[in-house]
Amino acid sequence: MLVNLKPSKLTAEFKVILISLTFYNFGISLILQYVDLFAVELGISPTFLGSFVGIGQFLSAIVSLILGWYADYQGVEKVLIITLILFACSLGMYGLAFCWLVVIPSIVLFYIARNNVIPFADIILIRATEAHCRATTISITRLCWAVLSSFAPIIAASISIAFGGISANGIRLYSQ
């Protein structure tokens with residue numbers, strides 16, 4: 001199965017995407033379980049939170065179409081960088097949120113960015129590998145992401161407890 005897939009044959013582009021997105025997924029796994037808790041601790045009702053998550057996911061579908069069109073004309077790498085910047089902005093807004101109203105645009109941005117990073121990264125991965133081993137290389141990336149990300153919730157819980165537990169202040173201190 002892995003006979004034709006040798007590390008020396010993998011391009012630098014593949015290695016950069018693999019390492020970058022492994023740590024991207026690890027980072028998401030660290031915070032994902034606390035994002036909604038943080039918003040609720042700031043005062044948003046669970047009903048509003050669910051509504052804004054739904055809006056973010058709906059807008060993600062629309063933005064995906066726009067980003068796909070843009071990627072066809074300007075390049076997939078540019079779109080991947082844009083989505084990573086949107087993701088960073090979303091997390092920055094969460095970290096600076098002082099009330100639940102500030103969390104609303106960060107929720108929307110979070111889902112727009114999160115739902116668009118992996119598909120564009122996959123396009124780069126497929127383009128960077130030979131035709132006979134594309135599915136294997138995608139599977140290897142998922143394996144790397146899963147192995148590292150499986151430790152993230154345990155690490156996140158330990159850090160959150162060390163910084164004050166499950167509260168807006170404890171989560172905020174942990175994210176800085």
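The values are calculated or read from the model by the stated rules, or taken from the named source; none is laboratory data. Just so it is clear, the model here is predicted, and its values are computed rather than measured. Here the Cβ positions follow ideal geometry from the backbone for every residue, glycine too, while neighbour counts run over all protein chains shown.
What single numbered condition from (1) surrounded by fewer than 21 Cβ atoms within 10 Å (Cβ to Cβ); (2) in a helix (DSSP H, G or I) fails to hold for PHE98?
Looking at each condition in turn, PHE98 falls short on (2).
Which numbered condition in (1) at pLDDT below 90; (2) surrounded by fewer than 20 Cβ atoms within 10 Å (Cβ to Cβ); (3) among the aliphatic types (A, V, I, L, M) is the only one that ILE171 fails?
The failed condition is (2).
Answer with yes or no whether VAL76 is in contact (Cβ under 8 Å) with a residue 24 or more places away in the chain, buried (at least 21 other Cβ atoms within 10 Å of the Cβ) and either in contact with a helix residue (DSSP H, G or I) (Cβ under 7 Å, 6 or more places away or on another chain) or within 20 Å of LEU59 (Cα to Cα) (or both).
Considered against the rule, which asks whether it is in contact (Cβ under 8 Å) with a residue 24 or more places away in the chain, buried (at least 21 other Cβ atoms within 10 Å of the Cβ) and either in contact with a helix residue (DSSP H, G or I) (Cβ under 7 Å, 6 or more places away or on another chain) or within 20 Å of LEU59 (Cα to Cα) (or both), VAL76 comes out as no.
Just to check your reading of the model, which residue among ILE107, ILE31, ILE19 is closer than 25 Å to ALA146 by Cβ, outside any loop (DSSP other than H, G, I, E, B), more than 11 Å from the chain's Cα centre (by Cα) and of a type outside the set (S, T, N, Q)?
After applying the criteria, what remains is ILE19.
State whether one or more residues within region 61-74 are part of a helix (DSSP H, G or I), closer than 23 Å to PHE26 by Cβ and not acidic (Asp, Glu).
Looking for residues that are part of a helix (DSSP H, G or I), closer than 23 Å to PHE26 by Cβ and not acidic (Asp, Glu), one finds none in region 61-74, hence no.
Select from region 46-73 the residues that are surrounded by 13 or more Cβ atoms within 10 Å (Cβ to Cβ) and of a type in the set (Gly, Ala, Ser) and write down the one among them that is modelled with the lowest pLDDT.
GLY56
Pairs please, first residue from region 116-128 and under 16 Å from LEU65 (Cα atoms), second anywhere and surrounded by 21 or more Cβ atoms within 10 Å (Cβ to Cβ) and of a type outside the set (A, V, I, L, M, F, W, C), Cβ atoms under 7 Å, 6+ apart in sequence or on different chains.
ASN116/THR83; VAL117/THR83; PHE120/THR83
Need the failing condition index for ILE123 against (1) in contact with a Ser or Thr (Cβ under 9 Å, 6 or more places away or on another chain); (2) part of a helix (DSSP H, G or I), just the number.
Status for ILE123: all satisfied but (1).
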